[in-house]
Structures are given as C-alpha cells and as structure tokens.
Amino acid sequence: MRKPLNVGRIAAWASLIVLMLVTLFPFYWMLRTALSDNTQLPGHPSSLLPVDTTLGAFKRVLGLSTVAEAQAQGGSGASVDFWLYLRNSLIVATVTTVCQVFFSAMAAYAFARLRWRGRDQVFALFLSALMVPPIFTLLPNFVLIKNLGLLNSFAGIILPTAFMTPFAIFFLRQFFLGISRELEEAAMIDGAGHRRIFFGLIIPMSAAPIATLGILTYINSWNDYMWPLLVGQQENVRVLTVALGVFRSQTPQGGPDWAGLMAGTLVAALPMIILFLAFAKRITNSIGFSGIK
Amino acid sequence: MTATIKAPPNRRRTHGDPKAPPKARSRGDLKVAMIFLAPATLGFVVFYIWPTLRGAYLSFTEYSLLASPNFNGLANYERMVQDSFFWNALVVTVEYVVINIGVQTVLAVGIAMLMYRLTQSITVRAVVLLPYLVANVVVALVWYWMLDFQVGIVNQFLTWVGIDPVAFFGESAYAIPTIAGINVWRHMGYTALLVFAGLQTIPKYVYEAAEVDGSTEWKTFWRITLPLLRPVLVMVLVVTMIGSFQIFDTVAVTTQGGPINASRVIYYYIYERAFTRFDFGYASAMALVLFAILALVSLLQLRLLRAKESDLA
C-alpha cells in the first residue's frame, strides 16, 4: 500500500508527529521538574532542562533527607516515605491480581467448559453487574468493610476485587470457549479429573490471555484511587495514588513543592511504564478486544 | 495396580471408563461447577449483589454510620429535587461529559484514521496508548503543574506567543473544560485503538470499489468508512460515556469541586455527602439516580444509533 508522498500525506505525518510529541512531552516535563531544585524552579519556568539539577526531590519523597534539607530545597518537611507507599502499592496490586485472575479463571471454566442447568442464566446475572456504577456499590461496601473492622487494612482494600470482576470472567470465558473439546475428552479418557484438566490443559493453553488479563488487572489496581482513598488512609497501608493526593495538599510555605510532587508522580508512574515497555505489544494488541464486548 | 495409580481419586467413578463420559455429561457437571464457582460467587454475592440491594435500601433511609439506618420513605428523593447543589452537579457533569466525549471521539477517529492510513507500527500505537496506563491521579497532577497560572509551562508558552496567561483551574468558566481536556489527553489514544480495531474489520474490497468509482478520500471517509464504522463507534461511545460520567480522581486532586461549585461533579458531590457529611442515605439515593441515568443513556444510544444493524449486510 505504499503511496507516493504528496501534500496530504506530509500533512498527515506531521499531525501524527505532533500528536506523539503532545503525548510524550508531559512525561519529559515530569522528569525535568523532578530533577530540578524546587527553590530555583519559579525563576526559570520555561527552561527545557532541569534547573540546578539535583536528586534532592527524589531523596525528599523517598524519606532519605532530613527535615532541614527538605525545607531548604522547597519541600514541606512533612514526613513522606514513598518507599513505604511503593511497597503498599506492590502488595495491593499483586495480591489483587493473583487472586482475581485465578478465581475468575475458575469461574470462567465453570461457565465455558462445564455443562449444568442454569449456566447461561447465572452467567448473565454475573455480567449484569457490569451495568452498576461503582459508586453505587462502593457506599454499602464501605459500610461493610467498616463493620468488619477492616478499615486501614490491606484486606479491606483488596477484598472487594479479590474474588472476581464480571469483566475478568467474561474475558477468560471467551478464550476458554475456543479450546477444542476433543483435547478435553482425550484427557478425560486418560482419567484426568476436572482439576487436572483445569490446571494441566485449560490454564497452559490460555497462558497468553491470562497474562494479558493479569497485566491489565495489575495496572488498574495500581492506578485505582477512590476505594483506597476511603479505606486505606493510614500510612502503613497508604498506596501511591492516595499518597500523591496527600502530598499535594501539604503545601509548604512559599509555594508548592513541584519538584517533590513530580518526583512522587514518577515513582508512581515508572513501574507501570516499565511494565508497559516490557509488554507493549501484548497490551496494545489486547485493546481492540477488551474494550468492545 | 497401575490402573489405580493412574486414576486420580475422583468422586465420579465413571472417568476411567471410555464409554462413560458422554453419559456422565448428560447428567451435568453441577457439583464440579459449584466448586469452581465458589470463590467468584462468594465475591459476587458479598461485594456486588448484597451492596446493590443494600444501596437501594439505604436510599430510603437516613443513615449517618453512627446509628442504624432509619427508614424515611421518599424523603431523600424529595430533598434531591430541591437540592440546587445536586442539580448543579448534574449540569456540571453533563457539561464535562459533552466536552470530554465530543472532543475525544473526534480526535480518536482522526488518530485512528491517521494510523490506519499511514503506519501499522506497534511503536506508534504504544506511544499513543501510554497516557492511559498512568494513574488518573498522576495525569491530573502533571497537568496541574504544567497548567499552573504563574510558572506552568503552558502559560509560559501562551505568554511567549502573546496570549495572556489563563487561570485554567482558578476560573469557573475554565475549570470543567480544563479537566475534560486533561482526560481527553489520557484517553484519546485508548479510544483511538478501539476505533482502529474497528477500522480493520472493514473489508478492503469496499475501498477498492470506491477507488475504482473515482471517490475522493474525503468522500470515502464520510460515505463509506464512517457508516461502516457505526456499530463500533456506538459501542465505543457507550463505554467511554459511562466512564466519563464517573469522573472523580481528577477533580479530587486538583480543584476539589471549586472554584465555588464550578467543578463539583456528581461523583464528587456524592463522595462529599457520604464521607465528609456522613449523609449515607442521601448519597445512596443520588447514586441510585445516577445508576438510572447511566442505564437510560446507554439504552438511548443503542437505540438511536441502531447499534446492532450493520450497513454491510
């Protein structure tokens, strides 16, 4: 489909390049600001390079500098420890992903490969939960978690999404449906039970979609804000997104700590960017399928 | 001896017998299915079904979390009708959705067309998708910094080209368009990839036929691409619009509803009512109304745009 260059094509390429610049520039600006000295920033607002390049902002948000040092570089001096929040985010996202994908795979197996009366109705019921806006169930769920005494605990943050999401079940069921029955029946003739078929046949054969779902779940869980904001305020369970909200509200004397804030956003964003770079092809190719049901 | 070792200790004795499976199948796998469904069902009942029912009930009560819910009939709904903050929140949310979805959809179709016509490069697609993988909170804060009135790079640039600096978050008229624009930046690539996937389902022969008939690119886009893309576009619109109504994170970390009430969207208002005023009954009632609005909007879209019919048939 190679066509000769003409004005229209040049204009089209130019718009695509502008688009990519608009997409990438904010990421560069995060880095440029995070490497700057916050007290010097207002003096050189449009310098394209870091102002007085320093790792001070990173030290500040990772809790590696003293209060005096932090304040000298334009920080609030309030104690922040993004290592801790990073650990918390890792725990929440990892446990949520492993549990949710595994239990959803089990359910998808029951919906795709087993035959039982009422199966399609139950599946439709599970899917109908997609229609309910999250805030509607969020309020009673908060009451439940509070009554269970799980506020400010990892269990409280993780539990509501640990067992299933309608989307995860739907997504895996689609793939499980495509596996040929002959293989399964051959395994049964060899004496394999459902457990062996599930672990030894279905899961290995669906490794790719399971990995895709796992990555998407991990990213969503990592980026979630509202629920952990409600149930995980305390430092020991505070995740990165919540910590960033808190950091932003601690404005020091004489203007916000922009360098510190951008260092914090980088700490929060970098693991997802790395994950994305590692699996870019898989994630990108999954979009067409997962978005439209 | 070997036979017993091979056969797992299963509850259904028929497994080892080659003639048995079809017969066993007809009886159904209900027992096994229950085991496989147990964890998901537990989560579904406890964190989806039960809160849905409870939320509906709470909407007819007065509930402050401290005492048990107090049934008060339709009082919450009567209050909602007269609550100017509620109506303001709805108007602000609709304004946000219209700007956000309008701009985003047009840009996404444009980007998808560009990618479709120019390059199949996975790198281009990955770059375009990148903002979508970063948390709302991060995106909001980065733009909050870049759009800062005094030292933000965007206002520096505006000054440089001779435009007065704009108080993007500080002025009522700009708050919602600004927040909508930020989320367009985050979501347009994702939406473009959905449209891109749709473009690839349009058979090549249609374009070839158009070219043979001497159709210009512009004409082909309006008369062929867009109509054939309609089913995909409808689904994209339904999915993105429902998501757009749920705008919260960006507001929560930037304007917090301000200036005055200019960006107090419905999600944020419900959140405030529930978690700063502990007005759970009223908040639940508003959430239920939002639920109804979303259901209605998606139904209308599917109807109006005749989603299921394809022009290709």
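The values are calculated or read from the model by the stated rules, or taken from the named source; none is laboratory data. Fair warning: this is a prediction, and the values are worked out from it, not measured in the lab. Ideal geometry is used to build each Cβ from the backbone, glycine not excepted, and the neighbour counts take in all protein chains shown. Surface accessibility is based on the protein's heavy atoms, side chains included, excluding ligands, DNA and RNA. Shrake-Rupley method; radii C 1.70, N 1.55, O 1.52, S 1.80 Å.
Of all residues assigned to the range A:248-265, none qualifies as being touching a residue at least 40 places away in the same chain (Cβ under 8 Å) and farther than 27 Å from residue A:73 by Cα. Within the range A:219-250, the set of residues being surrounded by 21 or more Cβ atoms within 10 Å (Cβ to Cβ), over 20 Å from residue B:246 (Cα atoms) and more than 8 Å from chain B (Cβ to nearest Cβ) comprises A:232, A:237, A:238, A:239, A:243, A:247. Scanning the range A:66-75 for residues that are assigned to a loop (DSSP other than H, G, I, E, B) and open to solvent by 30 Å² or more (accessible area, probe 1.4 Å), we see that the one that is farthest from residue A:261 (Cα to Cα) is A:66. Of A:114, A:48, all but one fail to be within 30 Å of residue B:155 (Cα to Cα) and within 14 Å of chain B (Cβ to nearest Cβ); the exception is A:48. Residue under question is residue B:53, and the condition is that it be within 9 Å of chain A (Cβ to nearest Cβ), over 30 Å from residue B:228 (Cβ atoms), in a loop (DSSP other than H, G, I, E, B) and not β-branched (Val, Ile, Thr); does it hold? So residue B:53 fails the test.
If you scan the range B:270-287, which residues turn out to be crowded, with 20+ Cβ neighbours inside 10 Å and more than 24 Å from residue B:138 (Cβ to Cβ)? Give the steps one after another, and end with the answer.
Let us first name the residues in the range B:270-287 that are crowded, with 20+ Cβ neighbours inside 10 Å, namely B:270-271, B:273-274, B:279-287.
Passing the criteria: B:273, B:274, B:279, B:280, B:281, B:282, B:283, B:284, B:285, B:286, B:287.
Within the range A:175-198, being in a helix (DSSP H, G or I), away from chain B (no Cβ under 11 Å), without any contact (Cβ under 8 Å) to a residue 24 or more places away in the chain and of a type outside the set (Asp, Glu) holds for one residue alone: A:183.
Counting just the residues of the range A:83-104 that are within 9 Å of chain B (Cβ to nearest Cβ) and over 14 Å from the mean Cα position of the chain (by Cα), which one comes out surrounded by the most Cβ atoms within 10 Å (Cβ to Cβ)? Result: A:104. Test residue A:126 against the stated conditions and say whether it is within 27 Å of the chain's Cα centre (by Cα) and open to solvent by 30 Å² or more (accessible area, probe 1.4 Å). No: the conditions fail for residue A:126.
Scanning the range B:65-86 for residues that are exposed (fewer than 15 other Cβ atoms within 10 Å of the Cβ) and of a type in the set (Gly, Ala, Ser) gives B:67, B:68, B:73, B:84.
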